[in-house]
């Protein structure tokens, strides 16, 4: 079996992480587009959300990730107990998330569901693929927020019911409307229509890992 070589080098990200909420157990941050969530194996990919936050919070742990180009809300654990509790919430699909994206073209339906199983695509790493036979079930709900013109674009609110790798990007492609600025699932034209991946983690709801209080956060995006 041929080994998969990842020679990707992330561009320098000068944007800063914004801390929106902080207590003894968790941080809520606004991750900038263009910053890795975790440092890569390549030493040139050291800069990341985790690397930067550890300078101020040495014991912080990453509960979940956002893709390099995706901006928006993340919850970060500040101790092992909080991390374990939050991980369990993610595993049990108790954490609710929504994303805002701008898609190529105009969607015909104002709302709907995308159901398409997602699997790895080894020959085209790091891309994923739709595969009904070997893929894991994946469901995304969408709602049209705004129709944009010149060129035709649609601003949507996504609510993923599952959390597969690249789920919203590949599901958007599956319905024929790639997310603008997507280097993996768009084409040369849609890549040029945006200076970045137009995908933003807009809202995040979960239970506080210690107090059990129901928490909900929103973070507006720039597009």
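List of remarks:
- Euclidean distance of C-alpha centroids, segment 37-70 and segment 162-179, integer Å: 24
- Rounded to 5, the percent of DSSP beta bridges in the chain classed as antiparallel: 95
- The rule of thumb for compact globular proteins, 2.2 N^0.38 Å, goes into the C-alpha radius of gyration of the chain 1.02 times.
- Cα gyration tensor shape of segment 1-87, rounded if a/c is under 1.5, else prolate or oblate by comparing a/b with b/c: prolate
- Highest-fluctuation residue, 168, 148, 27 considered, GNM on the chain with Cα pairs under 10 Å: 148
- Degrees between helix 80-91 axis and first principal axis of the chain (Cα, 0 to 90, nearest 10): 30
- Among 93, 153, 65, residue whose mean-square fluctuation peaks in a GNM of the chain (springs only between Cα atoms under 10 Å): 93
Any read-out appearing in this document is the output of simple, stated calculations on the displayed coordinates, not a laboratory observation. The structure presented is a predicted model; accordingly, all values stated were derived computationally and were not measured.
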